[in-house]
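S.K.: This is the structure I want to talk about, given as structure tokens.
The values are calculated or read from the model by the stated rules, or taken from the named source; none is laboratory data. Everything numeric here is computed off the predicted structure, so don't read it as measured data. Cβ coordinates were reconstructed from backbone atoms using ideal geometry, including for glycine residues, and neighbour counts include every protein chain displayed.
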Amino acid sequence: MFGSDFVLCKATRISDQRKGEPDLIITFPSGEKMTVQVTAKDDPKKFIDSKKAGDVISQSARFHPDGFICLGRPDFQELAREQAQHHALDKNFKLLPVYVLAELFVQVREGKIDKNDATNFLLNARGYLTIAELNKMRKS
């Protein structure tokens, strides 16, 4: 998805992860970079816990990113959501459920959300991200 042009950024996959590194580095046109950890639970009734959600911060140290994204499926536990709000006070940290990213992609493709707005959302939104926040960006 990041290889398409739905947002203005370049994603690089970190294929050699022998030291617990993030999965992706996303670089934006302004030069800012964010590290991304992708995590999933096989059981759709089990959500991602706060420790796993926050691992992207410690795993990213050597990359010196401007921000952190934990991209997760099916969703995040309540404690992880609460902790994300605290991390977001002093870091550009976000929990992004896969279904929210997919909805962002679809709404950009449908012309309901501008590509620049979607890019700014991925770069600047903080905490636990929801579809309700996407709907605030929709064109009238």
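Matching residues to (1) of a type in the set (Val, Ile, Thr); (2) under 19 Å from ILE48 (Cβ atoms):
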residue	(1), (2)
PRO74	no, yes
GLN77	no, yes
GLN83	no, yes
VAL98	yes, yes
ALA102	no, yes
ASP117	no, no
TYR128	no, yes
LYS139	no, no
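S.K.: What residue, of MET34, MET1, is part of a loop (DSSP other than H, G, I, E, B), closer than 19 Å to MET137 by Cβ and not hydroxyl-bearing (Ser, Thr, Tyr)?
M.R.: MET1
S.K.: Residues that are closer than 17 Å to ILE57 by Cα and of a type in the set (Val, Ile, Thr): does the stretch 82-98 have at least one?
M.R.: So far as the stretch 82-98 goes, no, none of its residues is closer than 17 Å to ILE57 by Cα and of a type in the set (Val, Ile, Thr).
S.K.: For the stretch 57-72, enumerate the residues that are modelled with pLDDT under 95 and either surrounded by 13 or more Cβ atoms within 10 Å (Cβ to Cβ) or among the small types (Gly, Ala, Ser) (or both).
M.R.: Across the stretch 57-72, the qualifying residues are ILE57, SER58, GLN59, SER60, ALA61, PHE63.
S.K.: Taking the stretch 126-140, which residues are out of contact with any Asp or Glu (no Cβ under 8 Å at 6 or more places or on another chain), of a type outside the set (Asp, Glu) and part of a helix (DSSP H, G or I)?
M.R.: ALA132, ASN135
S.K.: What residue, among those in the stretch 41-67 that are of a type in the set (Asp, Glu) and in contact with a strand residue (DSSP E or B) (Cβ under 7 Å, 6 or more places away or on another chain), is farthest from ARG81 (Cα to Cα)?
M.R.: This residue is ASP66.
Let's see how each residue does on (1) closer than 25 Å to ALA132 by Cα; (2) among the basic types (Lys, Arg):
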{"site": "VAL38", "(1), (2)": "yes, no"}
{"site": "ILE48", "(1), (2)": "yes, no"}
{"site": "LYS52", "(1), (2)": "yes, yes"}
{"site": "ASP55", "(1), (2)": "no, no"}
{"site": "ARG73", "(1), (2)": "yes, yes"}
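S.K.: Determine the pairs where a residue that is under 16 Å from PRO74 (Cβ atoms), located within the stretch 21-47, has a partner that is basic (Lys, Arg) with Cβ atoms under 8 Å apart, the partner being 6 or more residues away or on another chain.
M.R.: THR39/LYS52; THR39/ARG73; ALA40/ARG73; LYS41/ARG73; PHE47/LYS41
S.K.: A follow-up question, please. Just to verify a result, which residue in the stretch 78-125, among those that are β-branched (Val, Ile, Thr), in a helix (DSSP H, G or I) and without any contact (Cβ under 8 Å) to a residue 40 or more places away in the chain, is surrounded by the most Cβ atoms within 10 Å (Cβ to Cβ)?
M.R.: Within the stretch 78-125, the match that is surrounded by the most Cβ atoms within 10 Å (Cβ to Cβ) is VAL100.
S.K.: Same structure again: Go through the stretch 10-31 and report how many residues are among the hydrophobic types (A, V, I, L, M, F, W, C), at pLDDT 95 or above and part of a loop (DSSP other than H, G, I, E, B).
M.R.: 1
S.K.: All but one of (1) out of contact with any helix residue (DSSP H, G or I) (no Cβ under 7 Å at 6 or more places or on another chain); (2) under 22 Å from ILE14 (Cβ atoms); (3) buried (at least 17 other Cβ atoms within 10 Å of the Cβ) hold for ASP75; which doesn't?
M.R.: Just one mismatch for ASP75, condition (2).
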